[in-house]
1. When Cβ neighbours within 10 Å are restricted to other protein chains, what is their mean count per residue of peptide A:200-210?
2. So, in Å, what gap is there between the alpha-carbon centers of segment A:390-453 and segment A:495-560?
3. Hey, can you grab everything whose amide H is under 5 Å from the amide H of A:F575? Only 5+ residues off in sequence or another chain; H modelled, so Pro and N-termini drop out.
4. Compute for chains A and B the buried accessible surface, both sides summed, probe 1.4 Å, and express it in Å² to the nearest 100.
5. At 7 Å along the Cα-to-beta-carbon direction for both A:H338 and A:V506, put a label point, then send me their distance in nm to one decimal.
6. With point charges of +1 on the Cβ of Lys and Arg and -1 on the Cβ of Asp and Glu, referenced to the Cα centre of the protein assembly as shown, which listed residue (A:G259, A:Q44, B:G159) lies farthest in the positive direction of the dipole?
7. Using alpha-carbon positions, what is the distance between the centroids of segment A:44-68 and segment B:61-139, in Å?
8. Provide the solvent-accessible area of A:H274, counting protein heavy atoms only and rolling a 1.4 Å probe, rounded to the nearest 10 Å².
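The values are calculated or read from the model by the stated rules, or taken from the named source; none is laboratory data. Predicted model, so just to flag it, every value in this text is computed and none were measured. Here Cβ is always computed from backbone atoms with ideal geometry, including for glycine, and neighbour counts include all displayed protein chains. The accessibility values were calculated without ligands, DNA or RNA, using every heavy atom of the protein model including side chains. Shrake-Rupley method; radii C 1.70, N 1.55, O 1.52, S 1.80 Å.
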Amino acid sequence: MVEFTPRTTDAIPPAEVPDVELYHPHSWWTTYVFSQDAKVIAIQYSSTAMAIGLVALVLSWLMRLQLAFPGTFDFITPEAYYQFVTMHGMIMVVYLLTALFLGGFGNYLIPLMVGARDMAFPYLNMLSYWIYLAAVLVLVASFFAPGGPTGAGWTLYPPQAILGGTPGGQQAGILIMLFSLILFIIGFTMGGLNYVVTVLQGRARGMTLMRMPLTVWGIFTATVMALLAFPALFVAAVMMLFDRLLGTSFFMPALVEMGEQLSYGGGSPILFQHLFWFFGHPEVYIVALPAFGIVSDLISTHARKNIFGYRMMVWAIVAIGALSFIVWAHHMYVSGMHPYFGFFFATTTLIIAVPTAIKVYNWVLTLWRGDIHLTIPMLFALAFIVTFVNGGLTGLFLGNVVVDVPLSDTMFVVAHFHMVMGVAPILVIFGAIYHWYPKITGRMLNEVMGHFHFWVTFIGAYLIFFPMHYVGLVGVPRRYPELGETAFIPESVHTLNEFITIAALVVGFAQLVFLFNLFWSLKNGREAGGNPWRATTLEWQTPTTPPPHGNWGDRLPVVYRWAYDYSVPGAPQDFIAQNDPWPNKPVVHR
Amino acid sequence: MAETTLSHVPPQMRPSGLRGVAADWSSDQRAFKNVSWGKAMMWVFLLSDTFVFGCFLIAYMTARMSTVEPWPNASEVFALHLFGRDLPLILIAIMTFVLISSSGTMAMAVNFAYRRDRKRTAILMLLTAVLGATFVGMQAFEWSKLIMEGVRPWGNPWGAAQFGSAFFMITGFHGTHVTIGVIFLLIVARKVARGDYDTDARGFFTSRRGNYESVEIMGLYWHFVDLVWVFIFAFFYLW
Ligand code: HEM
Ligand SMILES: [Cu+2]
């Protein structure tokens, strides 16, 4: 046991900026609808994201039904299947995960965790949400547009994305998708500026960067990455809009369609792939880093132990963020590239495994001999670690050129990315909701429903995606609505497909229990009090729960320690809040 | 425990150079001391916008290098027929001169703003806006000239179709930035002239009090747009 000598003097820094003045809403509309309070905006972001996420979930059922029982459902034509795949993928990645982690958790947690009254620019923050909502509505509109949504795959690769053979290619579908993405990026940028500036310039007294909870580090780094990665998608979307609307040929080579020479010529489809994946790969980490951060805090809190290797965890987050900008072409091994290029990108890809592995080890070492409480947030956090390791290992396979080439575009890839960026972050989102719901509403979520939800989701996710690895290894390609009579595909694949579909339906319906729980517990949940998990971070120390507009009442918090003082020997409780001056006497600060 | 000692020393005694940077980043409250939220936001935004322009320019270079058709000769395409002969790049030289000068007037406006010289600040900002508008006007002239000569986003009489595509897209995107800048210059100039920053008047949308720093933040944006133009100029007209 390490000897702990509390320091007796801890200088309390003077405030560098006067307390900010908040916008005081005058009406119901400006309080709950056009609110400038980051917490309300967070709830708006989260609800919108979950609502559109439900659409993506339903689409996945439809796809699964088609894969298991081909030919049974008349309305799922091959075109419809492509549209489902595309919308499912794009919604899940961009409109659900990115918006929920950054717009939802970012808005709620950043100001509270760093001890600020609100985001730096509340008005801009509000605009960010409304533009995001517009982007979602535009996206939804494509389901009702003539020709339906685009069926180009979430990667939107040209030339097919804007040609007649692809659903929505020559109709409104692709235009609406690109337009919606551009809106999303504009809206996100407005929010992103807020998150970055608030973390860098708006922290409480005593809150140094190296005292911030890892949640904030994860969201902060992800936001910086998003601000640098979305520009590539923006540019790609603008150029593709021009190709489609004005007849430019940025991405379009000379083409013959139905025996007819098109007017395009001289463009480079590969250029689009580079732009897309310069965005697309960092995007994977934009949803992973907040998850990493949140999971660290969940584990530490529910194992009543400080996070192992805090500094290493921070630097690992930053290193992953930086490295993920130089690996994008591992998505393009099959597009054809110079072998040296492939070598370079395979190497950088594998190097990312180092900081990632550090994080996994540190999580495990945090758990080691901890006082583990198997609360529902903890269960989800543990499930995340297992799932992430699983998905990460198949990532090592796919990062190598020679292994990737035969596996590319098979269901193995689908299994891999669902594990690593589908299931894993979603598990963290659930854990985080169970963890912070008491702060947001003042009541605990129901535990019985919670356990049901957890076990069905966790086991179900494995039942869905484990067999998919095998299906992929046998050679079943992705994005195929139907396998037909194919000699190399064994009978077992068909059986498995039915099995997977049933599992997917069950898991899907378990989410309805979760949604019900969210509403049910609003009224009927157990009263939570201000700090039900006995956690150290600032959001649990607010004067009232749920925190009021301005968060802190009339006195801003002063921070004396890092976020992980659990089970400190000699301390009166098994946690010491960040704003607790123990062992010094509390001082009243102006 | 991850300890970071907070040593609070008066600004004049803060370590300088790299040590100062390290001290600031390991301190509480703010990583950039003496940088307001507004200014920090503009810097972060400009970083993001740099990536937008960077992607546009790299895409243009890729298109130009990978096309198999000849690329139109810039010094002929962008020449004006003046005084009985073809002057290569003359229009663009004037445009560049105008825009760079506007950076000068902007810098002077910032200077006077910090002296709270309302009148001169407002006049210089207006002048900057006029120069910016002139730039956009000349760009419109250049576009119409090229369009009359048959340049279209999807093709042109002299070679690779991507010439027109990239030209209209990138100069258009830059011109949009200048136009937005002009609009905001006018708004801020009006606030300066009206004395909003002296009377602590609240913004119409944000209901926050402004101060003369808005002029400097506006200036950051404006210099950035100028700087981007230098790159567009180099890669489009000189290459
Ligand atoms: C109940 C959970 C889910 C099920 C059953 C499911 C199922 C599927 C299916 C059947 C496909 C199409 C495979 C193909 O034919 O190529 C697919 C594609 C995809 N899914 Fe999911 N999915 C789920 C959750 C998620 C989540 C949470 C994400 C978030 C990252 C996600 C992201 C994607 C992406 C990016 C694609 C690729 C789309 C494309 O090929 O263009 N999915 N999913
Ligand atoms: Cu990747």
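1. On the way: counts 9, 12, 4, 5, 2, 4, 5, 4, 11, 6, 5.
That average works out to 6.
2. Here the two parts' Cα centres lie 18 Å apart.
3. Amide H to amide H, under 5 Å and 5 or more residues apart or across chains, A:F575 pairs with A:S567.
4. Working: alone 24290 and 14170 Å², together 33800 Å².
About 4700 Å² of accessible surface is lost on pairing.
5. 5.2 nm
6. Checking the options against the dipole of the protein assembly as shown, the answer is A:Q44.
7. Centre-to-centre (Cα) distance: 50 Å.
8. Ignoring ligands and nucleic acids, A:H274 comes out at about 60 Å².
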